[in-house]
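The values are calculated or read from the model by the stated rules, or taken from the named source; none is laboratory data. This structure is a prediction, so every number in the text was calculated from the model and none was measured. Every residue, glycine among them, receives a Cβ derived from its backbone with ideal geometry; neighbour counts consider all protein chains shown. Side chains are part of the model used for accessible areas, which takes the heavy atoms of the whole protein and leaves out ligands, DNA and RNA. Shrake-Rupley method; radii C 1.70, N 1.55, O 1.52, S 1.80 Å.
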Amino acid sequence: MREAFGAVFDVEPGYLNTASIGVPPRHVADAVAAAHERWRRGQDTSSDFGTAVETSREAFGRVVGVPATSVACGATVSQFVSLVARALPKGSKIFVQPGEFTSVTLPFVAAGHEMVSTVDECDLVAVSVVQSADGAVADLEALKASGKPVVLDVSQAAGWMPLSLAWADFVVGVAYKWLMAPKGAAWMAVRPDRMDFLEPVAANWYSTGENYGTELVLRSDARRFDLAPAWFAHVGAAVALPWVASLDLAAVRAHNANLTDHLLTGLGLEPNGSAIVSVDVPHVSGVVSSVRAARTRFACHLYNTVEDVDRVLKALG
């Protein structure tokens with residue numbers, strides 16, 4: 001058991017893998033367990049989950065700096081990126097970072113668009129705010145100044161970085177990493193002037209409010225792009241995200257980056273100021289990490305301590 005930032009975690013020592021799966025605070029896991037218990041006893045109806053969905057929607061908006069009316073609820077990043085890819089004229093030029101995660105890149109490839117190597121020649125930029133493979137942090141100010149339309153994936157940033165992204169055209173992110181909620185929930189923030197650019201290709205009862213019939217009556221805000229929610233994912237998100245949004249995320253960022261910088265300097269490498277590091281070292285016994293792009297990836301979150309990092313340094317001698 002560990003206490004961090006006002007919450008209790010049951011995470012085991014040596015867990016440095018939040019970039020793959022975030023570990024929930026005890027109060028988040030308890031809320032999900034209680035919902036499963038109600039389900040087992042037949043004590044909830046589908047409408048009972050609506051409050052959780054709206055709570056998580058509003059909290060995601062606070063995390064990225066937009067109002068709840070700009071936020072759509074879904075299941076995956078690729079689902080939302082596909083909406084943008086399908087709305088662009090075929091053959092549009094898309095700039096992505098080399099090594100970008102495929103949930104960001106492949107929807108554009110599948111839609112028949114062209115990948116280009118510079119921002120200047122592109123029609124749209126699609127980039128992760130923090131890169132999955134190595135923790136590289138995007139230059140958001142330069143992107144903003146470029147004037148190019150942007151899709152920002154915050155899956156590896158939301159939950160440890162302070163974010164203010166109302167300027168971006170589209171912002172997508174998932175629940176189950178740094179936001180420490182169950183897998184099955186994702187969100188997309190759509191700038192108000194970009195709502196009509198997208199088509200609601202997965203229109204459904206949840207995105208329209210209509211259970212029967214063939215008349216398409218879209219909601220006036222980003223809910224027009226909703227998928228019917230994965231209930232228990234949103235139960236967890238409705239507890240985890242408001243808590244994350246209440247934190248001093250500058251302090252969370254400092255905590256995480258101090259730990260990864262301690263790891264890098266201990267290995268004789270330059271600090272990178274990110275919560276994710278990728279190094280050319282073998283697997284370390286007693287430490288949970290992952291391998292990305294043939295390198296070992298370590299990720300430090302608010303529940304980690306210097307003792308976790310020192311396990312790695314001691315094992316590598």
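Some points to look at:
- For the range 184-222, filtering for residues that are open to solvent by 60 Å² or more (accessible area, probe 1.4 Å) and touching a Cys at 6+ places or on another chain (Cβ under 8 Å) leaves 0.
- Scanning the range 13-53 for residues that are over 30 Å from residue 283 (Cβ atoms) and surrounded by 16 or more Cβ atoms within 10 Å (Cβ to Cβ) returns 31, 32, 35, 49, 52, 53.
- Evaluation of residue 181 against the conditions (1) open to solvent by 50 Å² or more (accessible area, probe 1.4 Å); (2) part of a loop (DSSP other than H, G, I, E, B) shows that the sole unmet condition is (1).
- Residue tally, condition within 19 Å of residue 307 (Cβ to Cβ), surrounded by 15 or more Cβ atoms within 10 Å (Cβ to Cβ) and among the hydroxyl-bearing types (Ser, Thr, Tyr), over the range 253-286: 1
- Check on residue 174, among the hydrophobic types (A, V, I, L, M, F, W, C) and crowded, with 19+ Cβ neighbours inside 10 Å: yes
- Unique match (being at pLDDT below 95 and more than 27 Å from residue 291 (Cα to Cα)) among 117, 46, 70, 56: 46
- Restricted to strands (runs of 3 or more DSSP E) entirely inside the range 216-303, those with at least 2 residues that are aliphatic (A, V, I, L, M) are 276-279.
- If you go through the range 124-170 and keep only what is buried (at least 24 other Cβ atoms within 10 Å of the Cβ), part of a loop (DSSP other than H, G, I, E, B) and among the acidic types (Asp, Glu), you end up with nothing.
- Members of the range 163-214 that are over 18 Å from residue 228 (Cα atoms), without any contact (Cβ under 8 Å) to a residue 60 or more places away in the chain and out of contact with any Lys or Arg (no Cβ under 6 Å at 6 or more places or on another chain): 168, 193, 194, 195, 196
- Taken residue by residue, the range 49-57 has at least one member that is over 20 Å from residue 128 (Cβ atoms), touching a strand residue (DSSP E or B) at 6+ places or on another chain (Cβ under 8 Å) and of a type in the set (A, V, I, L, M).
Results for (1) open to solvent by 40 Å² or more (accessible area, probe 1.4 Å); (2) touching a Cys at 6+ places or on another chain (Cβ under 6 Å); (3) not basic (Lys, Arg), shown as yes or no for each residue.
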site	(1), (2), (3)
67	yes, no, yes
76	yes, no, yes
80	no, no, yes
86	yes, no, no
97	yes, no, yes
100	no, no, yes
105	no, no, yes
111	no, no, yes
122	no, no, yes
